[in-house]
Amino acid sequence: MAEAISVNNITKTFPGVLANDRVSMEIEKGEIRAIVGENGAGKTTLMKILYGLYRPDSGDIRVKGEIVKLSSARDAISKGIGMVHQHFMLVPSFTLAQNIVLGVEPHKRVFIDEKALIEKVQRISDQYNLDVNVNKLTLNASVGEQQRAEILKALYRGADILILDEPTAVLTDIETKELFSMLRGLAKQGKTILFISHKLREVLEISDNTTVMRQGKVVGTVRTCETDDCELAEMMVGRETIGGRIRETPENREKDVVLNIENLSVLNSRDLLAVKNINLELHSGEILGIAGVDGNGQEEFVEALMGLRPALTGKISIDGQEVQEFSTRGIRESGVAYIPSDRYRSGVAVDAAIWENLITSEYYNKPYTNGMSLMMREINNLSDSLVKKFQVSTPGINVKAGNLSGGNIQRVIAGRELGLDKAKIVIASQPTRGIDISGTEAIRQMLVDYADRGAGVLLLSADLDEIIALSDRIIVFYNGKIYNAGFWYEGIRQVVGQLMTGGEGGCNAEDNAQTC
């Protein structure tokens, strides 16, 4: 096979960090190459170098055998390299077609030729079997549709090499299977795909070869069909790892109710009913998993629980006290820890230092204040201990949170919310999204530890493996309602999958509040 792209001895340093240390690899045309590694292993830095966003300190990049200099994304695109970022770069108020051609629209004289625009997008959509509703507004499109639009945006600009950064992070099992089918089709048409992921089960399913990086170096490249998740995980972290279900189902399920929700209805940002008359109980010592395709009311549900969105109707009680009229601070002070799904929008202040983000729930409490000013020694000690405990990769606690990788930002959030062992209710929405194996293990074990100590844990995740591994009981959001898949058992995954797509398989939780 012909070589599509290669790197030779790529080195890149940042202040205090050697991100890439003489990295070399060769990728063939039509290959799906997985690149895996812990947060801070250097894979994202390498991909940004290949897309022209960073310049290497030394080393060569070859595209189709030719040495190239990539000083910008425009340079990369001109060489046939496209990148689909984990956080989509789409304008919500534009149609999918308008986003796909943004910046290179067809014109008729001085005006955009809307008819030609639609025809071109439809043609390339048909060519690569990537179905999108070209006239749909992006804000109304599903996550899967938005991702297809991002891929088409790269293909429209002539990409032969596609870099996909955590492409399944926000996808359900069904959407992931659709994506994999599309990627195999693209590979058969000669496109080369670099697949960056922490989900080893998916890496094993989709890739031809897998390159493992650790601490800025390439540990090795293996044929994916000749390895397994245990070997890859050990290559990534340098030790044996934990796999499968990590939660032992509690013997006593009849525990005190710590969170009670009655007849809760919530509107979305367009004043449409997103949560429809939900009844739900969360018990002490229970991990309740909430599955569902994004956009079925989960986000509005969690925002109502946290006082970030008003409830239209219903009651929310914590330990018997109604809190639906409380502020977010009041709810948190009632004993609720909250890991939000969108780390950039709700999780951190990107322009604030790491230590400032770590004390946002504690800065007004002793010993971190004397009532007049902050006690910096205590704050620094706390921040240093949380950074160490949650393995945040940073030169120091004064670094701005926005300068960290997405996975390390998630570690900061988890440290703030879980590090002080105070919560009696933990609401964890996508808690390990974008986090590497060791970080995922640590956060999942901490959620289990919270439940073992008697806290109630509400776990929302697009990763069904995570839901299955941790949950005592699972419910599914579909079209604003919740459906009960029941207590965990070996075959529950199929039932959850059916409920996520509106199929039968469980009971409507609205009609059976006692079991939910």
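Details
- Relative packing of peptides 27-39, 406-418 - highest average C-beta neighbours within 10 Å first: 406-418, 27-39
- Ignoring aspartates and glutamates fewer than eight residues from LYS366 along the same chain, the ones with Cα atoms less than 20 angstrom from its Cα are GLU333, GLU356, GLU378, ASP384, GLU417, ASP421.
- Loop-located chymotrypsin sites (Phe, Trp or Tyr not before Pro) across region 319-406 with a Cβ neighbour count of 14 or fewer within 10 Å are TYR363, TYR364, with loop assigned by DSSP.
- In the chain, a dipole from Cβ-located charges (positive for Lys and Arg, negative for Asp and Glu) runs towards its positive end, and of GLN410, GLN498, GLY82 it is GLY82 whose Cα lies farthest in that direction.
- Placing +1 on each Lys and Arg Cβ and -1 on each Asp and Glu Cβ, with no other charges, gives region 3-237 a dipole about its Cα centre of roughly 880 debye.
- Measuring between alpha carbons in the structure, the pairs from LYS315/LYS424; LYS12/LYS69; LYS79/LYS199; LYS69/LYS400; LYS255/LYS388 lying more than 26 angstrom apart are LYS79/LYS199; LYS69/LYS400; LYS255/LYS388.
- Unit charges at the beta carbon, dipole of the chain: most positive-side option, LEU460, ASN380, ILE161: ILE161
- Considering the chain, its Cα convex hull presents a mean projected area of 25.6 nm².
- Structure-based [θ]222 nm, the chain - -39500 (n - 2.57) summed over DSSP H runs of at least 4, per residue, nearest 500: -9000 deg cm²/dmol
- Contact order, relative form, for region 3-237: 28 percent (alpha carbon pairs under 8 Å, 6 or more residues apart, mean separation divided by residue count).
- Ordered by the number of other Cβ atoms lying within 10 Å of each residue's own Cβ, fewest first, MET182, MET376, MET213, MET500 fall into the sequence MET376, MET182, MET500, MET213.
- Taking every full run of DSSP H in the chain, the ones that stretch at least 15 Å from end to end by Cα along their long axis and average -1.0 or higher on the Kyte-Doolittle scale are 114-127, 143-156, 173-188, 376-389, 406-418, 437-452.
- Summing Lys and Arg as +1 and Asp and Glu as -1 over all other residues whose Cβ lies under 11 Å from the Cβ of SER197 gives a net charge of -2.
- Positive minus negative residues near ILE413 (Lys, Arg vs Asp, Glu; Cβ under 11 Å): +2
- Legend: P(r) of region 3-237 from all alpha carbon pair distances, 5 Å bins from 0, whole percents, reading 1, 7, 14, 18, 19, 16, 12, 7, 4, 1, 0, 0.
- For the chain, the relative contact order comes to 15 percent (Cα pairs under 8 Å, sequence separation of at least 6).
- Entry note: region 246-343 has Rg to Rh equal to 0.97, where both radii use alpha-carbon atoms and Rh is the Kirkwood radius.
- Here the residues HIS107, HIS198, ranked from fewest to most Cβ neighbours within 10 Å of their Cβ, fall in the order HIS107, HIS198.
- Cα-based shape type of region 348-421, given that a ≥ b ≥ c are square roots of the gyration tensor eigenvalues and the cut on a/c is 1.5: prolate
- As a proxy for reagent exposure, VAL336, VAL7 were ordered by neighbouring Cβ count within 10 angstrom, fewest first; the result is VAL7, VAL336.
Quick note: the coordinates plus some simple rules give every number you see, no bench work behind them. What you see is a predicted model; the values in this text were computed from it and never measured. For neighbour counting, all protein chains shown are included, and Cβ atoms are generated from backbone atoms with ideal geometry for every residue, glycine included.
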